[in-house]
Amino acid sequence: QVQLVESGGGLVQAGGSLRLSCAASGRTFSMYAKGWFRQAPGKEREFVAAVSRGGTSTYYADSVKGRFTISRDNAKNTVYLQMNSLKPEDTAVYYCAANLMVATTKSSDYDYWGHGTQVTVSS
């Protein structure tokens, strides 16, 4: 079992930055690939970024490529999402997710989810 808790969301102006964190419980943190997804009001949940178990492979949605960076610190049981050059269309609830397989872009591949953290970008 893995429990995930996101933090770091908030209100920021367009062009600003935020860093999201996802703290995980359990001794097997390094066994799980991690992903970030987001869901805006009235829209389906969408993939944002993912990182492999060892942190050597990362994947990004085209909409955030070059602006967001996913990373993980297995010693701290934490995965991060650094978000720069934020845009109003990045406004959403951001969710952290974990699975025992390889990092993927499909939400259905993830077994564990956090409760989410709100990110609001004002224009």
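Only residues that are under 25 Å from ASP111 (Cβ atoms), touching a strand residue (DSSP E or B) at 6+ places or on another chain (Cβ under 8 Å) and open to solvent by less than 40 Å² (accessible area, probe 1.4 Å) were counted in the range 1-28, giving 9. Checked against the criterion of being over 17 Å from TYR112 (Cβ atoms) and over 11 Å from the mean Cα position of the chain (by Cα), the candidates THR56, THR28, THR69 yield just one match: THR56.
Candidates are the residues of the range 68-118 that are open to solvent by less than 40 Å² (accessible area, probe 1.4 Å) and among the acidic types (Asp, Glu); the one that is nearest to GLY9 (Cα to Cα) is ASP90.
Go over the candidates LEU86, LEU81 one by one and state the one that is in contact with a strand residue (DSSP E or B) (Cβ under 6 Å, 6 or more places away or on another chain), closer than 17 Å to GLY16 by Cβ and assigned to a strand (DSSP E or B).
On the way: LEU86 fails: assigned to a strand (DSSP E or B).
Answer to the selection: LEU81.
Among the residues of the range 100-123, those that are in a strand (DSSP E or B) and over 13 Å from the mean Cα position of the chain (by Cα) comprise THR120, VAL121, SER122.
Within the range 29-57, the set of residues being open to solvent by 10 Å² or more (accessible area, probe 1.4 Å), among the aliphatic types (A, V, I, L, M) and not in a loop (DSSP other than H, G, I, E, B) comprises just one member, MET31.
Would a scan of the range 8-18 turn up a residue that is part of a strand (DSSP E or B) and under 11 Å from the mean Cα position of the chain (by Cα)?
No, because not a single residue in the range 8-18 is part of a strand (DSSP E or B) and under 11 Å from the mean Cα position of the chain (by Cα).
The values are calculated or read from the model by the stated rules, or taken from the named source; none is laboratory data. In this text the structure is predicted, and so the values were computed from the model without any measurement. For neighbour counting, all protein chains shown are included, and Cβ atoms are generated from backbone atoms with ideal geometry for every residue, glycine included. Areas reflect the complete protein model, heavy atoms only, side chains present, ligands, DNA and RNA absent. Shrake-Rupley method; radii C 1.70, N 1.55, O 1.52, S 1.80 Å.
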